[in-house]
Amino acid sequence: MSDTDTGQWIATVPLADLKRRKKLRVEVGDRAVALFLVGERVFALDDTCIHKGRSLSRGVLWKGKVVCPAHQWTFDPETGAADDQDECQPVHDVRVIDGVVHVSAHPRP
Ligand code: FES
């Protein structure tokens with residue numbers, strides 16, 4: 001969780017579901033967001049890969065990084081920074097409230 005508040009919070013899925021699946025694609029307003037559980041922490045990235053638009057939620061977690069299924073760009077789930085690239089995947093702040101994952105409607109600036 002981050003203390004940064006970027007506005008509206010959207011309730012998505014029970015944390016228990018994410019604990020079972022480790023990754024889930026959810027709708028947050030008009031954006032598709034990929035949730036990942038890394039250890040005990042929940043991270044939210046825009047689902048549409050900034051490279052060529054594939055779905056990050058179809059990717060895998062590898063050594064704590066999110067790996068896109070298309071061309072294997074790897075992203076830091078906390079910052080969205082892509083390894084060996086100048087670009088960043090948009091990331092959203094996350095809160096877990098009463099066992100439900102809430103995601104900020106807008107990516108972190
Ligand atoms: S579309 Fe994600 S790495 Fe190319």
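The values are calculated or read from the model by the stated rules, or taken from the named source; none is laboratory data. These numbers come from a predicted model, not from an experiment. Note that each Cβ is placed from the backbone with ideal geometry, even for glycine, and that neighbours are counted across all protein chains shown. Ligands, DNA and RNA are excluded from the accessible area calculation, which covers all protein heavy atoms including side chains. Shrake-Rupley method; radii C 1.70, N 1.55, O 1.52, S 1.80 Å.
Shown are ILE10, ILE97, whose ranking by accessible area with a 1.4 Å probe and every protein chain present, most to least, is ILE97, ILE10.
So if I take the alpha carbon set of the chain, get Rg, then get Rh from the Kirkwood formula, what is the Rg over Rh ratio?
On the way: Rg = 12.6 Å, Rh = 13.5 Å.
Radius of gyration over Kirkwood radius for the chain works out to 0.93.
Distances between placed amide hydrogens fall under 5 Å for VAL28 paired with VAL33, all partners being 5 or more residues away or on another chain. The phi-based Karplus calculation (6.51 cos²θ - 1.76 cosθ + 1.60; θ = phi - 60°) puts the 3J(HN,Hα) values of region 33-43 at 10, 9, 9, 10, 9, 10, x, 9, 9, 9, 10 Hz, whole numbers, x for Gly and Pro. Rounded to the nearest 500, the helix-only mean residue ellipticity at 222 nm of the chain stands at -1500 deg cm²/dmol, with each DSSP H run of n ≥ 4 adding -39,500 (n - 2.57). Evaluating 6.51 cos²θ - 1.76 cosθ + 1.60 at θ = phi - 60° for every residue in region 14-28, the Karplus couplings come out as x, 4, 4, 5, 5, 5, 6, 9, 6, 8, 8, 9, 10, 9, 10 Hz, glycine and proline recorded as x.
Loop by DSSP (not H, G, I, E, B), at most 12 other beta-carbon atoms within 10 Å: where is the longest site-free stretch of the chain for trypsin sites (Lys or Arg not before Pro)?
On the way: sites that count: LYS22, LYS52, LYS63.
Here the longest run is 64-109.
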